[in-house]
């Protein structure tokens, strides 16, 4: 073997030895690096799983807290509705009357006395039905006094309250839009409520002015909302109170929540108007059917009064009048329940 070939063989063996030694050293470091990378990845995954579980637990606790607040608000809503329907003072406030409870009862008694006096001055002697005489004038005057004291004032109060509530419902979505725009521009909630109290028409202006005054005097948001709902026992106001209370206790985007509430209230209003339009034909038919007996009776009285007066002067006529009144009452009640929808 020549010396040149031997030199090349020794060089190749030396190169292979050096490469083997290098692989031996680097393979251990690479394995350690991979092991370290696996440990770091496992730790990061564990941290991520812990963070995810913590976020899930926080979301669950927040949902449970929100549900608890909703249940409490629903119970308070039911209790407030029951108390407001029985309390004359609350009903006077809802109707927008600056009248005390004693003054209301004084006016009611005066109305009852006027009704009883009108019956007494009319000379009505009563009815005779199936041999049973109801010709006691004091009894008729007492019935007129009872109706004038309890029936007529409460009917007027309920009519005024319903009309005022209807105006509030029509204005409430616009008030929520004012709050949404104000919050988006950086105004605090109290200032937005003040803007509504200054710019909104009656009756919403008065109610939000009282609401803003309660907040300014430090009564607290939840208590001020309770007072607002007591003066305006509407589902829309209840939704508004729930959104503000949840946002104050649990946090969240107030402008987005109130914007969604405004959309819901407008949708409810559109549905209510749609139902009213669809039932208008039935309401007109019921009004025509209910007024026909009185219209026919008036025309008969104008043409042949002796013929129609038999109903008021004879016992048989009295029986017919009572039966007709009962049937008319039942018919009107049934038609009203058929065309009225609870929204």
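Beta carbons closer than 6 Å, at least 6 apart along the sequence or on distinct chains, pair a first residue in segment 150-166 that is under 18 Å from residue 235 (Cα atoms) with a second that is in a helix (DSSP H, G or I) for 161/94.
Residues 217, 232: which one is assigned by TED's automatic domain parsing to the domain that holds residue 262, modelled with pLDDT under 90, surrounded by fewer than 19 Cβ atoms within 10 Å (Cβ to Cβ) and out of contact with any strand residue (DSSP E or B) (no Cβ under 8 Å at 6 or more places or on another chain)? Steps first, answer last, please.
Numbers: 232 fails: surrounded by fewer than 19 Cβ atoms within 10 Å (Cβ to Cβ).
From the options 217, 232, the qualifying one is 217.
Given the condition more than 20 Å from residue 235 (Cα to Cα) and either surrounded by fewer than 14 Cβ atoms within 10 Å (Cβ to Cβ) or assigned by TED's automatic domain parsing to the domain that holds residue 192 (or both), answer yes or no: does some residue in segment 261-269 qualify? So far as segment 261-269 goes, no, none of its residues is more than 20 Å from residue 235 (Cα to Cα) and either surrounded by fewer than 14 Cβ atoms within 10 Å (Cβ to Cβ) or assigned by TED's automatic domain parsing to the domain that holds residue 192 (or both).
The values are calculated or read from the model by the stated rules, or taken from the named source; none is laboratory data. Quantities reported herein were computed from a predicted structural model and do not represent experimental measurements. Every residue, glycine as well, gets a Cβ built from its backbone with ideal geometry; the counts of neighbours run over all protein chains shown.
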